[in-house]
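In what follows, a structure is listed as structure tokens, so that the remarks can point back to it.
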Amino acid sequence: MQIAAVVLSLLLAVAMLGSGVMKLMGTAQMTENMRVVNVSVPQMRVLGVLEVLATIGLVVGLWVPGIGIAAAIGAVVYFAGAVVAHVRAHEKHLQPAAVLFVFAVATLVVLLLAR
């Protein structure tokens with residue numbers, strides 16, 4: 001179970017880091033994706049910071065399990081909000097947010113079981 005916890009934590013961290021950096025850089029694709037779900041550029045930057053912080057929490061959680069669990073909880077809440085934002089905006093391409101939500105839930109469950 002420990003190996004699964006490490007692998008899932010690192011994969012989720014990489015996914016969140018990539019997404020967070022794109023939000024912080026304000027790439028055209030990310031800005032357009034955020035506009036479609038009614039997220040302003042300043043709000044997008046805050047979301048990027050949250051994703052980078054979650055990345056740090058997931059990595060630190062490899063040594064301090066409580067921090068990793070807290071970061072995984074934050075990721076679950078974050079991606080649940082992303083799914084809700086897509087649904088509220090009637091945006092048809094919510095698959096990435098939904099997949100990351102399921103991935104975050106799986107990571108959290110494995111982290112809790114590995115504890």
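Here is how the numbers come out for the structure above:
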quantity	calculated
Net lengthening on full extension, residue 56/residue 112 (0.36 nm per residue, minus Cα-Cα)	18.3 nm
Theoretical gain in end-to-end length, residue 4 to residue 28 [0.36 nm per residue, Cα-Cα removed]	5.2 nm
In order through region 91-101: 3J(HN,Hα) via Karplus (6.51 cos²θ - 1.76 cosθ + 1.60), integer Hz, x for Gly, Pro	8, 7, 9, 9, 4, x, 5, 5, 5, 5, 4
Residue-normalised accessible area of the chain, expressed per residue, 1.4 Å probe, Å²	57 Å²
Which of 45, 88, 35 is most accessible, then next, and so on - probe 1.4 Å	88, 35, 45
Relative contact order [Cα under 8 Å, 6+ residues apart], region 38-115, whole percent	27 percent
Helix-only CD estimate at 222 nm, as mean residue ellipticity for the chain, using -39500 (n - 2.57) per DSSP H run (n ≥ 4)	-29000 deg cm²/dmol
Accessible heavy-atom area order of 17, 113, 58, 108, highest first, probe of 1.4 Å	113, 17, 108, 58
Heavy-atom SASA rank of 37, 6, 99 (probe 1.4 Å, accessible area, largest first)	99, 6, 37
Label-point separation, residue 87 to residue 102 (7 Å along Cα→Cβ), nm	1.5 nm
Compactness of region 1-94 - radius of gyration and Dmax, Cα, Å	13.9, 41
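The values are calculated or read from the model by the stated rules, or taken from the named source; none is laboratory data. Predicted model, so just to flag it, every value in this text is computed and none were measured. Cβ coordinates were reconstructed from backbone atoms using ideal geometry, including for glycine residues, and neighbour counts include every protein chain displayed. For the accessible areas, the whole protein counts, side chains as well, though only heavy atoms, and no ligand, DNA or RNA atoms are used. Shrake-Rupley method; radii C 1.70, N 1.55, O 1.52, S 1.80 Å.
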